[in-house]
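Let me begin by presenting the structure, written as structure tokens, before commenting on it.
Since every read-out is calculated from the coordinates, none of them should be taken as a lab result. Worth saying up front: this structure is predicted, and the values here are computed from it rather than measured. Cβ atoms come from the backbone with ideal geometry, glycine included; neighbour counts cover every protein chain shown.
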Amino acid sequence: MKARWLSVTAAAVFALGTAGQAAAADMPPLAKKSGCTACHAIDHKVVGPAWADVAKKYKGDAGAKAALVKKVKTGGKGNWTDVTGGVPMPPYSPRVSDADIEKLVDFVLGL
């Protein structure tokens with residue numbers, strides 16, 4: 001019986017570990033290059049919210065893309081204070097091009 005539980009536990013740990021690796025593999029190189037991963041991850045909070053949570057929050061919102069593009073460009077705070085503890089989103093424009101910011105927002109909203 002102990003061997004069975006050990007096998008189940010080992011399988012669960014392996015599955016959780018590979019899920020995180022899969023999420024990291026799905027991350028576009030642009031997100032890493034732009035510095036997004038210093039504060040964000042696909043499936044868990046780092047400093048800012050998980051991108052999957054952002055996609056969930058804005059699903060079906062027609063104005064979401066424009067609002068998020070603006071937030072990434074200019075930075076700000078207030079939308080995720082319960083997650084960030086008040087740490088603001090820094091501005092990424094002009095360091096990251098408008099076209100690249102739109103690609104990143106499309107990626108996040110597509111999760």
**Test item: Cα-centred dipole of region 40-111, Lys/Arg +1 and Asp/Glu -1 on Cβ, debye** = 140
**Prompt:** Can you sort S34, S97 so the residue with the fewest Cβ neighbours within 10 Å comes first?
**Reply:** S97, S34
**Message:** Under 29 Å between alpha carbons, and skipping anything fewer than 8 positions from K57 in its own chain: which lysines qualify?
**Reply:** K32, K33, K45, K65, K70, K71, K73, K77, K103
